[in-house]
Amino acid sequence: MRPFPEPDPGEPSLGSPGRYLLWLAAAHRASAVLAVGYGVLCTLAQAFVPAAIGRGVDRGLIAADRGALVAWCAVVLGLGVTQAVAGTLRDRCSVTNRFGASYRTMQLVTRKAAQLGAELPRRVSAGTVVSVGATDITRIGAALESTARGGGAVVSIAVIAGVMLTVSWQLGLVALVGVPLSAAAIAALMRLLHTRQHGPRKEQGALADLAVDIVDGLRVLRGIGGERVFADRYRERSQRVRHEGVRVAGVESSVAAGRLLLPGLLVTVIVWLGAHFVGTGRMSPGALVAFYGYAVFLAEQLRRATSMVDQLTRAFVAARMVTDLLAMEPGLGSGDRDLAAEGARGPLRDPGSGLEIPPGRFVAVACARPDDMLLLADRLGRYVDSPATLGGTPLAEFPLAEVRRRILVVDHDARLFSGGLAAQLDPHGPAGGGAGGDMNGSAHGAADRLRRALDTASAHDVVEALPEGLDQEITGGREFSGGQRQRLNLVRALLADPDTLVLVEPTSALDAHTEARVAERLGAHRHGRSTVVFTTSPILLDRADHVVLVEGGTVVAEGRHGELLADARYRAVVTREVTVA
């Protein structure tokens, strides 16, 4: 598949569901036009089969003309071959359109998710993103696919109605009046269906959110015995989804009944009138056979046309969710100053709290309030708009991508992804698809770096416990305990080797012996690089070059761990000492 053109976020085609669908169709202009063209050719070939059969009956069977019978049989065969070939080509183009539209939408959604970055989970629920990726993208692709069959159906209905008018204006008039009336009745039901489909879509997103929360917190739920509570919540929410689904199903059943009943009634009327005309000599038997074929054909094409409308209705609802997501813009701007030239050697400072991280130092920050840890980490990494500076220059003036590359924040939400463990720990190494001039040298260097990081994080035992070691395929880290995930996340952060590494409670789930090994090795591993650890663990604080105490969002004391123990405020935070007034 050829690459699609890059979208222009400012163009109006991405601003509304209808325009977005038109934009997708324009992106597949060639295959979309071919699909509709083949669809029209296929349905017209099918439409003229009754006419050929009727001529064969009149001029061949009734007239006892063997040559005419053979000729019209050949015409029927030719129409069948044309229908088969055109139908195959139509379906090929339709499938191209379907997967192309789905793939293009996935590209846009993924690019937008990457653009929003850490802002995404703060602005959109995980269930909404899952529903867009699992349901909405498929519906958009199916709608684009349906235009070939639906477009052919619409054209063929008009053509056959004209043919019927030519042969018998009475029957043609019945068809011309009956088809639009049937379509209008079904369209009214479609509008009602379109209105009611928003309810299930909203409830499905909420149910997906709850499912994600349960899966992520299952270990904790089992520890506190909360499975039944959350199971009841899930059951209640799923019943809401079922209730909304039943409401929609009622309309869907009416639509399905109308798509069968109304065309069937139309066929019945046309056949009855045709039989009456044959009995009175106003129509030949062959023409009656043809009209019966036309009526059956029109019923089928009407169902296809209404099916296309149904698919487009669903796609419109799905496109609204997609365009709502694509309309989001990052709240953080990106500057253009050269970070390497202006800020790489200076301290990282948060003026709001007075926290300053000198270059190349291992600094531990103890916060009296746990919320301050995440807030300060977000400020230092510019995950929120803040006056933080690097080398005296505001971080907002540097390119955001460069800030992300040089300042890495690893908090409680850091997680592993599915795939080979080695590739998850070191995406840029040979196992993760990195490229290098000397593959052997690159592989050895990557292996040494990985081994050293595993040693620093005391994670060798985690890898050794896996049947395939570093080659083990993992499923997002769910097979590891909290402490194991923490150590593997630390390994990944050390392999990234940023200029400034910000860690939030990196050892909170570790036992004291493992934590002591990590604390002893972390400073040496990061020698020459800035390391900030937000923690209240005395083991980590004792190993830091410099310790900062933050209370009420402001730095209130600094020094070495041993020196600060003389401060009652510091002791209250670190040793959980309670002072009685």
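The values are calculated or read from the model by the stated rules, or taken from the named source; none is laboratory data. Just so you know, these numbers come straight off a predicted model, no measurement behind them. So basically every Cβ, Gly included, is an ideal-geometry build from the backbone, and we count neighbours across all protein chains shown. Side chains included, ligands, DNA and RNA excluded: accessible areas come from the protein's heavy atoms. Shrake-Rupley method; radii C 1.70, N 1.55, O 1.52, S 1.80 Å.
Overview of values
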quantity	calculated
Filter pass, Met164 being open to solvent by less than 50 Å² (accessible area, probe 1.4 Å), at pLDDT below 70 and aliphatic (A, V, I, L, M)	no
Verdict on Val40 being assigned to a helix (DSSP H, G or I), surrounded by fewer than 17 Cβ atoms within 10 Å (Cβ to Cβ), modelled with pLDDT of 85 or more and aliphatic (A, V, I, L, M)	no
Extreme residue, surrounded by the fewest Cβ atoms within 10 Å (Cβ to Cβ), among residues of segment 129-145 that are among the β-branched types (Val, Ile, Thr) and under 22 Å from Arg90 (Cα atoms)	Thr138
Filter result for Asp426 (within 18 Å of His525 (Cβ to Cβ), of a type in the set (D, E, K, R) and at pLDDT below 90)	yes
Pair list, Cβ under 9 Å, 6 or more apart: segment 70-87 residue farther than 21 Å from Leu34 by Cα, other residue open to solvent by 60 Å² or more (accessible area, probe 1.4 Å) and aromatic (Phe, Trp, Tyr)	Val75/Phe48
Scan of segment 62-98 for residues that are of a type in the set (Gly, Ala, Ser) and either assigned to a helix (DSSP H, G or I) or farther than 23 Å from Leu288 by Cβ (or both), ordered by number	Gly67, Ala68, Ala71, Ala74, Gly78, Gly80, Ala84, Ala86, Gly87, Ser94
Restricting segment 329-351 to residues that are open to solvent by less than 50 Å² (accessible area, probe 1.4 Å) and modelled with pLDDT of 85 or more, the residue that is farthest from Val132 (Cα to Cα)	Pro347
Among (1) of a type outside the set (Phe, Trp, Tyr); (2) in contact with a strand residue (DSSP E or B) (Cβ under 6 Å, 6 or more places away or on another chain); (3) at pLDDT below 85, the one test that Gly286 misses	(2)
Hits in segment 389-419 (condition: open to solvent by less than 40 Å² (accessible area, probe 1.4 Å), hydrophobic (A, V, I, L, M, F, W, C) and over 15 Å from Ser334 (Cβ atoms))	Val409, Val410, Ala414, Leu416
